[in-house]
Amino acid sequence: MKKISLNGLWQGRCSEKPELSFQGNVPGSVLGDLIQAGYTESDIFYRANAETVQPFEHYGWVYTKQFYLDGENFHYILYFERLDTYCDVYVNNHLAGSCKNGFVPHQFDIGSLLLPGENTIEVYFYSPIKKVMGKKPRMGAFTTERLYTRRMQCTYGWDWTMRFVTCGICGDVDLLDHSGEAQVENVYIYTKNADEESAQLGLEVRFENLRGEVLRFEIYDRENHLVKAFERYCDECFVKLRVELEHPRLWYPSGYGEPHLYTLKIKRVDSSELYKGQFGVRTVKLMQLRDEPGSGDFEKCMELKKSSFSRQYDNNTEFSGFILKVNGIKIMCKGANWVPCEPFQNGGTKEKITDILELAKEAGVNMLRVWGGGVCETEHFYDE
């Protein structure tokens, strides 16, 4: 798919205070740009400095970008990986769409709004505080505002961070060519069953604008050796296939074996590539077997019930284990809780994500829980 990146420098300004203008970074955030422009303390994490930036949460902000296009009859989708959060998007002074969910991508068909030569995108952000002002209070929350807004919850203040309510274009921005050529919209590949002899894989592919043609599917190992190839005639938007992989190299968690990854490629017969992505072959089984009365596990649970805390809440008379098996092997789960790298969404955290994950591996961690008070983590996080 042809793609034009609109990342980089945008022009930012405050709606209520035009004198607050700056060069914005995309991906990034208003708070990060204000720090970069010198409108606030450079170290907002030091002592009470966080309080100095809190007045900015009550303002609206505008981000503007100019770009050029050659030709005419444009067929482009404007794609935002993530917008935080309440905003309207204008292209050449025409409303292209709006956002009120900071957790999911947004895309707008803007082909009819584009012009040959210079074009302008403006994103008008509204204060997330003012947007929910007057909503019914809720008991048992750090603050009421966060409960009504689909954005990073911890920015409203939590046990590990101060209050950093902000907004901005915190993901990639791209123009995607929507000219009618066949494209792969989504690929889902999964292991049905596997052993040392063979693996049965399920492959589900959703296409866009596919009009019927022979496609070639190729699977490569980590050393880039072709281990499987076949061709299929595909003429529907959704294709579901069964793939047999002989003598598979299985994926294992850290500490139990190699995390081997295969590469899947989908090509046209002329060898032009429609898709390329990685996957692992492994089976996962979660067992919650009942503890037999009189067993060591059962007696341990009964002992824990007698504690002063458990006596108030634990009315269980039956107990069960929690065992995770990968490729038939019981795994000792050594986990950690993953909170966002920054207490507000900001650009340039890929290196930080990599560093922290490498430290976690060195510490013996083999499982991470992505904390619900943060965000849906990036593709980079899961690739790492």
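The values are calculated or read from the model by the stated rules, or taken from the named source; none is laboratory data. Not measured: the values here are computed from a predicted model. Ideal geometry is used to build each Cβ from the backbone, glycine not excepted, and the neighbour counts take in all protein chains shown. Quick note on the areas: whole protein, heavy atoms, side chains included, nothing else; ligands and nucleic acids left out. Shrake-Rupley method; radii C 1.70, N 1.55, O 1.52, S 1.80 Å.
Values computed for the structure shown
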| item | result |
| --- | --- |
| Global size of region 138-177 as Cα Rg and Dmax, reported in angstrom | 14.0, 47 |
| Column: log10 I(q)/I(0), Debye, Cα scatterers of the chain, q = 0.06, 0.07, 0.10, 0.11 Å⁻¹ | -0.34, -0.46, -0.90, -1.04 |
| Stretchable slack from Gln312 to His225, in nm (0.36 nm times residue separation minus alpha-carbon distance) | 25.3 nm |
| For region 38-144: lysine pairs under 19 Å (alpha-carbon distance), excluding those fewer than 8 apart on one chain | 4 |
| Set of aspartates and glutamates near Lys350 by C-alpha distance (under 19 Å), chain-local residues within fewer than 8 positions excluded | Asp33, Glu81, Asp84, Asp172, Asp174, Glu342, Glu358, Glu362, Glu377, Glu379, Asp383, Glu384 |
| Extension gain (nm, one decimal) between Glu118 and Lys352, 0.36 nm per residue minus Cα-Cα | 80.6 nm |
| Percent of Cα pairs exceeding the 21 Å cut-off, where the set is region 8-141 | 49 |
| Dipole magnitude of region 284-345 about its Cα centre (Cβ charges: Lys, Arg +1; Asp, Glu -1), debye to nearest 20 | 140 |
| Dipole-positive endmost among Leu250, Ile219, Cys237 within region 213-253 (Cβ charges, Cα centre) | Leu250 |
| Lysines with Cα under 18 Å of Lys352, excluding same-chain neighbours fewer than 8 positions away | Lys361 |
| Region 130-181-region 55-84 distance, computed between alpha-carbon centres (Å) | 19 |
| For the chain, accessible area per residue (1.4 Å probe, heavy atoms of protein chains only), Å² | 57 |
| Which of Ile266, Gln278, Pro293, positive extreme of dipole for region 262-320 (C-beta unit charges) | Ile266 |
| Hydrodynamic radius (Kirkwood) for region 125-214, which is based on Cα pairs only, to one decimal in Å | 18.6 |
| 222 nm mean residue ellipticity, helices alone, for the chain (DSSP H n ≥ 4; -39,500 (n - 2.57); rounded to 500) | -3000 deg cm²/dmol |
| Area accessible to solvent at Met152, 1.4 Å probe radius, in Å² | 10 |
| Size of charge dipole - the chain - debye, nearest 20, with Cβ of Lys, Arg +1 and Asp, Glu -1, no other charges | 1260 |
| Cβ-based charge dipole, region 280-384, positive-most Cα from Val326, Asn337, Tyr382 | Val326 |
| Chain lengthening between Asp383 and Ala336 when straightened (0.36 nm per residue, less Cα-Cα) | 15.1 nm |
| Peptides ranked, highest mean first, by Cβ atoms within 10 Å: ranges 270-282, 333-345 | 333-345, 270-282 |
| Computed label-point distance, nm, for sites Arg290 and Thr64 using a 7 Å Cα→Cβ extension | 7.0 |
| 23 Å Cα-Cα reach of Lys267 towards lysines, excluding residues that sit fewer than 8 places from it in its own chain | Lys2, Lys3, Lys228, Lys240, Lys276 |
| Accessible surface of the chain [probe 1.4 Å, protein heavy atoms]: carbon and sulfur percent | 48 |
